[in-house]
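What follows is one structure encoded as structure tokens, with my remarks underneath.
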């Protein structure tokens, strides 16, 4: 039996959208597992880019968490701040 990966509903929906787009473009049904495998293969071939993405995300999350602690900003205010463009604060 193949290993399983638990996905959020949002991620699963995105995977299904990609799968449907591939079907529209190629006329062939491609299993989700094959789409997922190709995504992993591509990310493995460009490891530096994939790693940098996570470094950036986690760095940004640490900055937001520090601002919340220092400013005592509510989660709702933070959500508004993080959606704002970088130069708008």
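Key figures
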| item | result |
| --- | --- |
| Matching entry among 77, 52, 25 (being surrounded by 10 or more Cβ atoms within 10 Å (Cβ to Cβ), modelled with pLDDT of 70 or more and part of a helix (DSSP H, G or I)) | 52 |
| Count - residues of region 28-48 that are surrounded by 10 or more Cβ atoms within 10 Å (Cβ to Cβ), out of contact with any helix residue (DSSP H, G or I) (no Cβ under 8 Å at 6 or more places or on another chain) and not in a loop (DSSP other than H, G, I, E, B) | 7 |
| First in region 18-29 and free of Cβ contacts under 8 Å to residues at least 12 places away in the same chain and at negative phi, second anywhere and outside any helix (DSSP H, G or I) and loosely packed, with under 11 Cβ neighbours inside 10 Å, Cβ under 7 Å, 6 or more apart | 23/29 |
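The values are calculated or read from the model by the stated rules, or taken from the named source; none is laboratory data. Owing to the predicted nature of the structure, the values given are computational and were not obtained by experimental measurement. Positions of Cβ are generated from backbone atoms using ideal geometry, with glycine treated the same way; all protein chains shown enter the neighbour counts.
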